[in-house]
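Colleague: I'd like to ask some things about the structure below.
Each value in this text was obtained by applying a stated rule to the coordinates, not by laboratory testing. What you are looking at is a predicted structure, and each value in this text was computed from that prediction instead of being measured. Don't worry about glycine lacking a Cβ; one is built from the backbone with ideal geometry, like all the others, and counts go over all protein chains shown.
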Amino acid sequence: LYYYFFFKVTTFTVFFDSNTAFYVWASIALTVLVSLAFGVAVTLLLWQWRNQKISVNPADLGNSFIGTFLGGLSVGCPVCGAYLASLLGISGGLFVFPFQGLEIKVISLGLLSFAIFSSTKFIYNQRHGICEESRDEILKVKEGKVVFTFTKATLKPIVPALVGFLALILVAYSPAIGDKFNFGVTFQPSRTAQANDSAKANISSDAADILAKINPSQGFEINAKFGDIGPKLLAVGAIDFEKMKSLYEQAGAPLTESQIKILTEGSDEKIKIAPENSYFLLNFLWAMGITNKNSILDEGPISQYGSDQVGNFASTGGWTLGKTEATKFFSRYEIVKLNQDQQAVLEDFAFNSYRPCCSNPTGFPDCNHGAAALALAEIMASQGASADQIFEAFKYLNAFWFPQTYFDIAKYFEAKDGKEWSKVDGRVVAGSDYSTPQGWQRVKQWLSANGLIEEAPSSGGGCGV
């Protein structure tokens, strides 16, 4: 069941590439332990239920249920997973928790272990005829009056239930606690470390040639300008400049003078994605994608969940660089304006382009890459670009954000069809046959069958800010 839910919300490659080794293996180890504890706890409860002489302790049943629920809640990537968290009113996935969900797994394991210990003790006492000491009741009615008695003896019976209840409250409020005290803990690899890994990677000359084509060192320039988008995003609170500046300083890649100008003054320079700014562009476009008012957000697939659920997506709940939560400015401000023809171009792209972290089109921007792709298309369409031009630009942006995926796809087209990356139709690459987990898997199977599998250096933007 854990594997099934994990597979439904993320992919192993994205999970491993987007998080540090410590987080990945700690998450896996805790998940295995939680799964084992769940099995033991349920077995004990079922055994008690089937044995009529031994009743089931309601507190143990409750703690087993809560522990299992919390264990299921923590499945997936820090941003892309944790859909069950919305049941507690928590949006943004595991990324909003102080320790990105590891603490939930620990609490889950603790509750299940507590339930196992309590059930085992209860069964042992029942089978050996050990009677539990009589206890006073915490609540009594005497002479028509309600009397509460708080002593060690009266509180002891309700401790198991109290532990489970407090654990649930702790998990529900831990995002607010983390936001207030800002522990500053992250389990996503720094972009500097990723860049160093890429530089040190030992790859063949053929692989290096393909990588240079999909991630050109000189970058890929788009026929669209930044304009005044940055200042508008700051003005409406979609981006908090100090938060964004601090984020890049902590990542070891401080904002450049050009990037500061793009944010604070605006810029007439054309948008160019290159190795050194792909991380900046991902966050910049992400903010734009969820802020700009457009019918794709107001009436498209994401709107079917209702306004009360809009904060439960990774693209909204995971955006932590605004002055307020993303629901306050989601599709609320007209950052760029599109006429009817430009909107048609946008929708042609949005509902025919996909991303390899999930199977959703750009028209359903439920994660950061989807929101960023939507923003790219809005900017280009508003400045007169055709759908084909947007698909071509998207082909290169996605290649910077998902280098391994598009390295494999580029190698596939070169080996199978004799086409270099620049000659491959962007609309074809962006489609569901290639830019989805299923499409990528098909490409990898073909490469594997022909002995062409090779690993590209790790780089690109992760699932969080």
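Colleague: Compare the peptides 118-125, 44-51, 364-371 by average per-residue count of other Cβ atoms within 10 angstrom and give them in order, highest first. Show your work: numbers first, answer last.
Modeller: On the way: 118-125: 16.4, 44-51: 14.6, 364-371: 26.9.
The peptides rank, most packed first, as 364-371, 118-125, 44-51.
Colleague: Using a 10 Å cut-off on Cβ atoms, rank the peptides 399-410, 290-301 from the highest mean neighbour count down. Working shown, then result.
Modeller: Numbers: 399-410: 25.2, 290-301: 20.3.
Ranking, from highest mean packing down: 399-410, 290-301.
Colleague: Right, another one. Placing +1 on the Cβ of each Lys and Arg and -1 on the Cβ of each Asp and Glu in the stretch 295-408, which of Ala344, Leu297, Ala371 has its Cα farthest towards the positive end of the resulting dipole?
Modeller: Farthest towards the positive end: Ala371.
Colleague: Per residue of the stretch 315-321, in order, report the coupling 6.51 cos²θ - 1.76 cosθ + 1.60 (Karplus, θ = phi - 60°) as ³J(HN,Hα) in whole Hz, putting x for Gly and Pro.
Modeller: 6, 9, x, x, 7, 10, 9
Colleague: Search the structure for amide H atoms under 5 Å from the amide H of Ile222, placed 1.01 Å from N in the peptide plane, and list their residues when 5 or more places away or on another chain.
Modeller: Close amide H contacts, sequence-distant or interchain: Ile271, Lys272, Ile273.
Colleague: How many angstrom lie between the C-alpha centres of the stretch 201-247 and the stretch 356-433?
Modeller: 15 Å
Colleague: While we're here: Suppose R0 equals 41 Å. What FRET efficiency, 1/(1 + (r/R0)^6) with r the Cβ-Cβ distance, do Glu454 and Tyr305 give to the nearest 0.05? Working shown, then result.
Modeller: Numbers: r = 40 Å, r/R0 = 0.98.
Efficiency, rounded to the nearest 0.05: 0.55.
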